[in-house]
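A short worksheet on the structure shown next.
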Amino acid sequence: MLYHHSIFDQSNDLQLRFNELLKMATTLKQCCMEGEQMLPGFTNLVGDCWTAFISLQPQLNDATEKNDAFQYPFIVSLLKNEEYKRWHCLTKGDELLSVLTAIGVAEQMKASFHITQAVQQLKAAEQIKEMTQNQLHQLRKRRFDTTLSDQMKQQQQLLRKRIDEATKTIEQAHHQLQQQIRKLDDVSISSLITSNKRKICRTKNAIIAVGTMGGKKIERLPLSDQFELVEQIREQKSLLLIAEMVGRFKKIIQKKQKIKEKQTMARQYISTGQEISRLLPSELSSFVLPPSKLDFLRRYGEQQTFIFDTKGKDRKGRGPIIICMDESSSMTSLKEQSKAFCIALLMIARQQKRDFAIIPFASAVGEVQRFKKGHATSKQLVDFSTRFLGGGTNFESPLRESLNILLTSGFNKADILFVTDGSSFLPTSFIDEFNEIKRKKQFECTAVVLTNLFNAVDLTLVGRFSDRILEVNELFEAENAFVL
């Protein structure tokens, strides 16, 4: 199954590229395979359709006869179609969008095939042909039995006749399907394109949203990874929802960071230093005025110029971020939101070049995810987004795991976020141990407690190991969790 016959005037490069895409994109391959079962040469049709959308200026081969390929009338009409011309402005040069468009058109054609009588006759004839061929094969195995020779000859003739009739029916069905494609008018072609545009745009946007969750620009994401995301998004509908929620959290983060930037320039905190961006206006005046310029330069060289000091407003702890995320059964309704919350925090860690760890927990701790300097691959984030533990709630296990990370790795002066909607027993001895290590390692623990009418969290217990508690109904309300 290859794209080997085109009606376009092109080099073999495009055909070779399409055949590479067939290996790369499972959906494209599946579409062509199913089409070939109904109509031999269907892959050439899809390939030419892709070429029409990917090429900057698609040109037909003058040597191609109208009857040389059944897709000829369709492609000619496609190139003249106004809807095609509008959509082509977006697809030209875009391999992914062109493949998605070609698949969409091909899927519509296959759907139209299924409702025709020709396909029903085709399937019935193929079944008869296969069954008859098997009977003929079995009969040939008995050719040395002389007592049945005359009878066998008659049977063989009858079976061959049935095979010929079935073959003729199959050929007629193929011809009818080819005619169906040839007769597609301008309105029908416009419908093939417009009916898929919204779905294609959603798929492309989903690939961009999911593919860039890890911070990598979509242009840097290999095409093979993008096609893999197409399959994953189709199988895991929640991925699109998570990606959209990450976008919402992104806006919250940007808003909080703007507020923080204004706060950190508060004038009541003044110290000495050399950072030009934080120099007091009076110092800038000293530099501009000739009488005081030399004095300013002397003090600047000695780091004695006055600057706004940010440490009065900055919270302590610029070290790694560790998030303990509750994945007990009661959190199921917030599964996508909690995943997006973690990914949003990961983005902060990457921006601030801080190590990041996610500790999912329920009755026990799940697979701990660690990201050096906040860097993650799309595959890591997709795998993380599609896993969920379920079960009961145990506070000690994730908190102890966070201590293990702090004590056995390079994580120092960390910020721990503990997110839960449930309650658990915690021994006093462990709380004392946790707080003692917290004092020594100089990290902070912020608890994000989700409350509603159906759950009850022991805030007193949470307060015994947390430096601050954010009580919210949903994670979108936990804006202050992003001030780290």
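Bear in mind these aren't lab numbers, they're just calculated from the coordinates by the rules spelled out. Remember, it's a predicted structure, so these values are computed and weren't measured experimentally. Positions of Cβ are backbone-derived with ideal geometry, glycine not excepted, and every protein chain shown enters the neighbour counts.
Of note:
- Once backbone amide H atoms are built at 1.01 Å from N, PHE418 has CYS324, THR446, ALA447, VAL448 as its partners under 5 Å, excluding neighbours fewer than 5 places away on the same chain.
- Summarising the strand pairing of the chain, around 35 percent of its internal DSSP beta bridges are antiparallel.
- About its Cα centre, the stretch 321-482 has a charge dipole of approximately 820 debye under the convention of +1 per Lys or Arg Cβ and -1 per Asp or Glu Cβ, with nothing else charged.
- Each Lys or Arg adds one and each Asp or Glu takes one away; over the other residues whose Cβ falls under 13 Å from the Cβ of LYS110, this sums to -3.
- Dipole of the chain, positive end: most advanced residue of ALA357, ILE7, THR393 [Cβ charges, Cα centre]: ALA357
- Placing +1 on the Cβ of every Lys and Arg and -1 on the Cβ of every Asp and Glu, with no other charges, gives the stretch 269-311 a dipole of roughly 20 debye about its Cα centre.
- Computed over the chain: relative contact order in percent, which uses C-alpha pairs under 8 Å that are six or more apart: 11
- Unit charges at the beta carbon, dipole of the chain: most positive-side option, SER292, THR408, THR27: SER292
- ³J(HN,Hα), Karplus 6.51/-1.76/1.60, whole Hz, each residue of the stretch 461-477, x for Gly, Pro: 5, 4, x, 6, 10, 10, 7, 8, 10, 9, 9, 9, 8, 8, 5, 5, 8
- 0 to 90° range, to nearest 10: angle between helix 95-114 axis and the chain longest Cα axis: 40
- Rounded to 10°, Cα long-axis angle of helix 428-441 versus longest principal axis of the chain: 80
- Relative contact order, whole percent, for the stretch 321-482 stands at 23, derived from Cα pairs under 8 Å and 6 or more residues apart.
- Label assignment, Kirkwood radius over Cα pairs in Å derived from the structure, set [x] 28.3; [y] 22.8; [z] 24.3: [x]
- Rounded to the nearest 20 debye, dipole of the stretch 358-427 from Cβ charges on Lys, Arg, Asp, Glu: 340
- Proximal aspartates and glutamates to LYS168, defined as alpha-carbon separation beneath 19 angstrom and excluding residues fewer than eight positions away on the same chain: GLU36, GLU126, GLU130
- In order along the stretch 35-51, phi translates into HN-Hα couplings of x, 5, 5, 8, 8, x, x, 4, 4, 5, 4, 5, x, 5, 5, 4, 4 Hz, rounded to whole numbers, per the Karplus curve 6.51 cos²θ - 1.76 cosθ + 1.60 with θ = phi - 60° and x for Gly and Pro.
- Most positive-pole-ward Cα, LEU470, MET347, PHE434, against dipole of the stretch 321-482 from beta carbon charges: MET347
- Relative to the longest principal axis of the Cα atoms of the chain, the long axis of helix 12-24 makes an angle of roughly 70 degrees.
- Under Karplus coefficients 6.51, -1.76 and 1.60, residue-wise ³J(HN,Hα) of the stretch 355-364 in Hz, glycine/proline x: 5, 9, 9, 10, 10, x, 8, 9, 5, 9
- Cα-only Debye scattering, the stretch 321-482: base-10 log of I(q)/I(0) at q = 0.11, 0.12, 0.15, 0.20 Å⁻¹: -0.39, -0.47, -0.76, -1.45
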